1. If the requirement is being modelled with pLDDT under 95 and more than 21 Å from residue 250 (Cα to Cα), which of these qualifies: 427, 413, 365, 395?
2. When the residues of segment 162-179 are filtered to those that are buried (at least 18 other Cβ atoms within 10 Å of the Cβ) and touching a helix residue (DSSP H, G or I) at 6+ places or on another chain (Cβ under 8 Å), which remaining residue is nearest to residue 132 (Cα to Cα)?
3. So, of the residues in segment 368-394 that are crowded, with 17+ Cβ neighbours inside 10 Å and assigned to a loop (DSSP other than H, G, I, E, B), which turns out to be nearest to the ligand (Cβ to nearest atom)?
4. Of all the residues that make up segment 113-137, how many are surrounded by 15 or more Cβ atoms within 10 Å (Cβ to Cβ) and under 14 Å from residue 30 (Cβ atoms)?
5. Restricting to strands (runs of 3 or more DSSP E) lying wholly in segment 206-287: which have 2 or more residues that are touching a residue at least 40 places away in the same chain (Cβ under 8 Å), touching a strand residue (DSSP E or B) at 6+ places or on another chain (Cβ under 7 Å) and closer than 30 Å to residue 51 by Cβ?
6. Checking the condition modelled with pLDDT of 95 or more, within 30 Å of residue 118 (Cβ to Cβ) and over 19 Å from the mean Cα position of the chain (by Cα), which residue from 137, 234 passes?
7. Just name the residue that is nearest to residue 6 (Cα to Cα) out of those in segment 253-264 that are away from the ligand (no atom under 13 Å from the Cβ) and in contact with a helix residue (DSSP H, G or I) (Cβ under 6 Å, 6 or more places away or on another chain).
8. Go through (1) out of contact with any helix residue (DSSP H, G or I) (no Cβ under 6 Å at 6 or more places or on another chain); (2) under 30 Å from residue 155 (Cβ atoms); (3) at pLDDT 95 or above one by one and return the number of the condition residue 419 breaks.
Ligand SMILES: [Mn+2]
């Protein structure tokens, strides 16, 4: 059971902003996640659904938040696991129905044992249902049985709200960014030729745990060619003298993610080839951050990083064409530079590491207009996997993968880098790596 990340009034104002956009004859049903099994009777560590955390901060498994309008106002009801000493001896203490109603920003609480009876009676007196489906099979069956009702997805409304962070959310995200930043610094200091990827991972995640946090996604620690595999996370190879290591790791605080990538030479000295690629990615990343201006379209930052990377690939002799040809279509980015930069420039960040609110809705969309309060990542990269067979990899750069990722808050006065305490210039990195202080 978690502490409350926000004041009751912040949760209540989120609830009313959401509910006031719905017809009064509708029923809202927002379940959280269930416990997931890892092996036999061992569970994965539980993590609540982000919409549940957003609306009321309830962090225990299985709960359902319901809202209905009584003719005068919206009433929220939280269904929770009831107190049960025998179960609590094994699974941990429960807040229970009385604890939920007295301690959480909701109007009433009920036992999950009464879910079917109460939801069924509400379904009989409403005309439409806003339900988050796919998380709670009992709820899905109840709602599916009410075939006369129109079922709607509540997430577009909530996503529009979640994409704009409050001052309280930004404070928590800064804390999450600070912990992740300190973790990367610790991993740089601990690095040496021959270190295992798993050992770098353990330094990072020890910092998370020491700060009462945990990873927001499995840490990626790729040495040498492994840095060219975007979602590599087996982290089970040694990193040789002369190789770069790419670390993409972030933590969460009260559910809010940070997401940092840094790339450094394990021996503390960039080779000429590594330096050429690193400086190019860094130049692109700085251009991407500069493009994070309120009023710009989402795609601006990708256009900015793409222009720098394409020009750089030409200057280094890796591509032999114009910048326009290298990038390809201005919306689809299908030119040959994509062979070496094959992902997007960033994503929204929040309760989900790839947060809701989506950058672009398809190839023809320039994406949302950036607004103060949005938080996103800027993370261009270049990847020259020597193992690849789909494209010719220049010998000089074979085995190099570089990505640099920061977390950026949009403000009226320009971008604010929440992860600015994590070093990224070549001089700073060479000073830190292997420097156990
Ligand atoms: Mn990211």
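The values are calculated or read from the model by the stated rules, or taken from the named source; none is laboratory data. Keep in mind that what you see is a predicted model, and the values were worked out from it rather than measured. No Cβ is skipped: glycine too gets one built from the backbone with ideal geometry, and neighbour counts run over all protein chains shown.
1. Of the residues listed, the single one that is modelled with pLDDT under 95 and more than 21 Å from residue 250 (Cα to Cα) is 365.
2. 162
3. Ranking the qualifying residues of segment 368-394, first place goes to 379.
4. Residues in segment 113-137 being surrounded by 15 or more Cβ atoms within 10 Å (Cβ to Cβ) and under 14 Å from residue 30 (Cβ atoms): 10 in total.
5. Filter on segment 206-287 gives 244-249, 251-253, 260-265.
6. One residue alone meets the criteria, 137.
7. Only one residue fits best here, namely 254.
8. Every condition holds for residue 419 apart from (1).
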